[in-house]
Structure formats: structure tokens, C-alpha cells
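Notes for the one structure printed next.
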Amino acid sequence: MMWLAVACAVAGAFFLAFGAQRQGSAVQANTGGLALGGSGVIRLLRNPRWMFGLLLLGAGMVCNVAALTMGTLTVIQPIGAIALVITTVVNSRDQGIRLNRATVVAITCCVSGSALFVLLAVNVVRESTHVTVAEELTVALLVAVVVGILGTCVVLWRRKLKAFFYIFGAGVLFGFVAVTTRIIAHQLFDPNGLFLLNVQWYSVVAIAVAGGLGSWFVQSAYSSGPPDLVIAGLTVIDPMVGIAIGITILSELRPDVPAVVAIAMAGAASLAIVGVIALSRHHPDVVKRRNESRRETVKRTGR
């Protein structure tokens, strides 16, 4: 069952990669790198490329839900790193961008760290864990806190926020979406046969709010950053948040995990995170935008 879940997650990563690339290029064309506003969203809804990307993302979401239903967060979530490689290659060809060495190294760190984490985790997680009411409520309350913090930042400093903030915020929010998805999926397929009656209202509200705000964050990140950088954040930050919750709150790891394995998992996670940070600084598109910004500053100030 676990390997079938892995296969679904891999398929979902492919849909995510191509969907993100389609939407990213559509948002860039519609906003010109400016902040995404209400009129911009309406234009996107009439854009065939963006809508096709939405369909691909929907297919990826279905695959990911199936994977989370059959597997555990700790194993399934990091597999999304495959999407980073696909998105980077597709976007570089679409935009005519030549990847520099720093970008290749950063992507390698992201994917290698995530792959190593999965290989280590698949042997030390419990196949099935029961989520208690207290654990579910804890997750919902954490969603409320995170949404409150991120929403406050947007209200107070929206004009000053950069792409990395939106990428980080979207990664955190979708990490909670993945956790809540797994909880609801297990409730729907509970052997007691109650289906929707098992689902708690606060979990539905949590997944709707986190998913809605996270989606807006992703589109805002597309308007000011390359799609492969956005995917890098989502495929590393999102899994790390999901995994942290899976380990600390949902108790997905077996209690007898060897210390050397735990240390190796932490090292692999750190490697993947370092890769995202490096990519956010050295991606050719990011470097180009930074240089253009500096030139504009020099023109305005004369120095």
C-alpha cells in the first residue's frame, strides 16, 4: 500500500510541475511582474494557459490526496521535490533561460535532500496512525494562528513583501492543507461507515481557509518570481511543515527509530532547505531582477 501511495505522489508531482509552469508564465504575462490585484485575478480566469494549468494542478491534487490517504505525511510529502526538476527544465526552455552553476547545485541539494529523507523515512514510519480529536483540534488551532500571522503581514506590509515571503507563506499553508487532507480522508474512509458524519467542521474550515490563502500566495509569488523558485519553496517548505506536524502531533514515526537515522533525516531536511535558500538568491531570473532593480535605483538617485 505504501508503494502505491508513492506512485500516486510521483504522478502528482508531474501534474504539479507542468501546472505550475503554465500558471507561472500566464501570471507573468498578465501582471508584468507587478503585484497581483483583483482585476488581475479576473483576467487570469479568462486566460486559457492559466486555466489549463489549473486543471493540471487539480489532477495533481487528486493524486496527492490518494497518496496521503494510503501513505503517511512523512513519506509522501517530500516526493513533490521531483516537480522542481521538471519545472526548472520546462521553464528554462520556455523562457530561454540558461541555468547557472549555482542554480544547478541548489536544485541538486533540494532534490537529493528530499529523496534521501524519503528513503530513510519509508522504513521508520508506522503504516497507519489514528488521529485523535485532540490532535485534530490542535492542527486546526495552529492553522488559525498561522493564517492570523500571515494575514496581518499582508495587511500591514503588502507593498513591501517580496516573492520569498509569499513562497514561504504558501509552503507553510499548504503543509497544513496536506495534514488536514490526510485527517479528513481517513475520517471519510473510517470502517464505522459514517463517512461525512466523521468529519469535523473546524477541519473543513481550516482546509478551506489555508487552501484559499495559500493559493493567493502562490499566484502572488508567480507575479514576482520564476515558477521553479515557487515550486522549490512549495516542495520543500510544504513537506517540512507536514512532516513536522506528522512527527510531533500525529506520532507517525515508530518509537524505536535509531538515533543515526533520526540525525540523517534531519541532515537531509537541512540540505533541502539550504537548496531552496540558495535557489532564491542565485536563480538567473532572480539575479536578473535584482540587477534591473539596482540599475533603476542608480538612475533615480544618480549613484
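The values are calculated or read from the model by the stated rules, or taken from the named source; none is laboratory data. Small disclaimer: the values here were computed from a predicted structure and weren't measured. Note that we place each Cβ from the backbone using ideal geometry, even for glycine, and neighbour counts take in every protein chain shown.
Which count do you get for residues in the stretch 246-265 that are surrounded by 18 or more Cβ atoms within 10 Å (Cβ to Cβ) and touching an Asp or Glu at 6+ places or on another chain (Cβ under 9 Å)?
2
Being at pLDDT below 85 and crowded, with 24+ Cβ neighbours inside 10 Å: is that true of Val199 here?
Spelling it out, it is not the case that Val199 is at pLDDT below 85 and crowded, with 24+ Cβ neighbours inside 10 Å.
Being modelled with pLDDT of 75 or more, small (Gly, Ala, Ser) and within 13 Å of the chain's Cα centre (by Cα) is the requirement here; does Gly233 meet it?
Considered against the rule, which asks whether it is modelled with pLDDT of 75 or more, small (Gly, Ala, Ser) and within 13 Å of the chain's Cα centre (by Cα), Gly233 comes out as no.
Being in a loop (DSSP other than H, G, I, E, B), out of contact with any His (no Cβ under 7 Å at 6 or more places or on another chain) and not acidic (Asp, Glu) is the requirement here; does Pro239 meet it?
For Pro239, the condition - in a loop (DSSP other than H, G, I, E, B), out of contact with any His (no Cβ under 7 Å at 6 or more places or on another chain) and not acidic (Asp, Glu) - is not met.
Collect the residues in the stretch 112-131 that are out of contact with any Ser or Thr (no Cβ under 9 Å at 6 or more places or on another chain) and of a type in the set (Val, Ile, Thr), keeping them in residue-number order.
Result: Val131, single match.
Tell me the residue from Ala11, Ala66, Ala20 that is at pLDDT 75 or above, crowded, with 24+ Cβ neighbours inside 10 Å and among the hydrophobic types (A, V, I, L, M, F, W, C), please.
Being at pLDDT 75 or above, crowded, with 24+ Cβ neighbours inside 10 Å and among the hydrophobic types (A, V, I, L, M, F, W, C) holds for just one of Ala11, Ala66, Ala20, which is Ala20.
Mind listing whichever residues of the stretch 70-99 are among the hydroxyl-bearing types (Ser, Thr, Tyr) and modelled with pLDDT under 70?
Thr74
Tally time: how many residues in the stretch 107-121 are more than 17 Å from the chain's Cα centre (by Cα) and surrounded by 17 or more Cβ atoms within 10 Å (Cβ to Cβ)?
Within the stretch 107-121, residues that are more than 17 Å from the chain's Cα centre (by Cα) and surrounded by 17 or more Cβ atoms within 10 Å (Cβ to Cβ) number 3.
If you take the residues in the stretch 219-243 that are in contact (Cβ under 8 Å) with a residue 60 or more places away in the chain and farther than 14 Å from Val276 by Cα, which one is surrounded by the most Cβ atoms within 10 Å (Cβ to Cβ)?
The qualifying residue surrounded by the most Cβ atoms within 10 Å (Cβ to Cβ) is Gly242.
Listed residues Ser251, Ser215, Ser224; which is out of contact with any strand residue (DSSP E or B) (no Cβ under 9 Å at 6 or more places or on another chain), within 22 Å of Arg159 (Cα to Cα) and modelled with pLDDT under 80?
Unique residue meeting the criteria: Ser224.
For the stretch 155-170, state whether one or more residues are among the charged types (D, E, K, R) and in contact with a Ser or Thr (Cβ under 8 Å, 6 or more places away or on another chain).
yes
Does Val139 satisfy being under 22 Å from His186 (Cβ atoms) and assigned to a helix (DSSP H, G or I)?
When the stated conditions are applied, Val139 passes them.
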